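Visitor: First, the structure itself, so that you have it in front of you.
The values are calculated or read from the model by the stated rules, or taken from the named source; none is laboratory data. Note that this is a predicted model, so its numbers are computed, not measured. Cβ atoms come from the backbone with ideal geometry, glycine included; neighbour counts cover every protein chain shown.
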Amino acid sequence: GSARHQSQFHALVPRLTPRSPEGGLSEEQEVVYRRIEEDRGKTGAKAGFSVKNPDGSLVGPWNAMVSSPLIGGLVERMGSFCRHKTTCPMDLIEIGILVVGVEWKSQFEWYAHGKLALKAGITEDAIGCILRGAPAADASGFTDSQRAVYAYAKEFHATKRVSDATHQAALAAVGSEQGLIDLVFTMGFYHQICMTLNAFNVPLPPGVPQPFE
């Protein structure tokens, strides 16, 4: 039941070995580690979170990428594209990512992207609506474009399809077909990230409250 589910949430034990230069990395692992340290380190610093644990290992999904560096390096490059090269406006990208986080109840993903969404111009009110799963029509704090993309992401996850009207509204909000493709690719990518976080019980930083109970 619900109480049992909650107790399992609070007793999660991390399942991956922490990987750090201090602990010893292979050449392939070192390359991926340094790329993440350089790129995500800057992104995290701007948004107010660190990408490193005190032992030097990487937080969030990045330790998994270092642990399996060949596919992990490809995953890292996809993530870098989603952040730096997308043609979809970043506030709309972050709305899509947050909806994926709610779908998976992914603690770390919400922790990091709640901060990144604020930096991208999403209001705290809107972020709270996404966390609660508020219907798009009733949600407050969104611009018209943000609401259209929120409705798109919500409908897509609820029905696994998108109606013509919802598609057209999101297309107008994003501004181009390429931008909407980038949004869909990015949401798909963050399903992969949330699967990694949830499969391996990736923890939040110490002292950070869990967004999902």
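Visitor: Please give the helices (runs of 4 or more DSSP H) falling wholly within the stretch 37-146 in which 2 or more residues are polar (S, T, N, Q) and within 30 Å of SER26 (Cα to Cα).
Guide: 62-67
Visitor: Something else: Going through ALA137, ALA151, ALA126 one at a time, which residue ends up being surrounded by 21 or more Cβ atoms within 10 Å (Cβ to Cβ), at pLDDT 95 or above and over 26 Å from PHE49 (Cβ atoms)?
Guide: ALA151
Visitor: Write out, first by first residue and then by second, each pair whose Cβ atoms fall under 7 Å of each other, whose residues are 6+ apart or on separate chains, and whose first residue, in the stretch 20-46, is hydrophobic (A, V, I, L, M, F, W, C) while the second is outside any helix (DSSP H, G or I) and surrounded by 11 or more Cβ atoms within 10 Å (Cβ to Cβ).
Guide: Matching pairs, first to second residue: LEU25/ARG19; ILE36/VAL51; ILE36/LEU58.
Visitor: OK, next. Which number in (1) over 30 Å from LEU74 (Cα atoms); (2) at pLDDT 95 or above marks the one condition that GLN192 misses?
Guide: All conditions pass for GLN192, except number (1).
Visitor: Test LYS105 against the stated conditions and say whether it is within 15 Å of the chain's Cα centre (by Cα), among the basic types (Lys, Arg) and over 18 Å from ALA45 (Cα atoms).
Guide: Spelling it out, LYS105 is indeed within 15 Å of the chain's Cα centre (by Cα), among the basic types (Lys, Arg) and over 18 Å from ALA45 (Cα atoms).
Visitor: Restricted to the stretch 157-197, and to residues that are hydroxyl-bearing (Ser, Thr, Tyr) and either without any contact (Cβ under 8 Å) to a residue 12 or more places away in the chain or more than 11 Å from ILE97 (Cα to Cα) (or both), which residue is surrounded by the most Cβ atoms within 10 Å (Cβ to Cβ)?
Guide: For the stretch 157-197, the residue satisfying everything is THR196.
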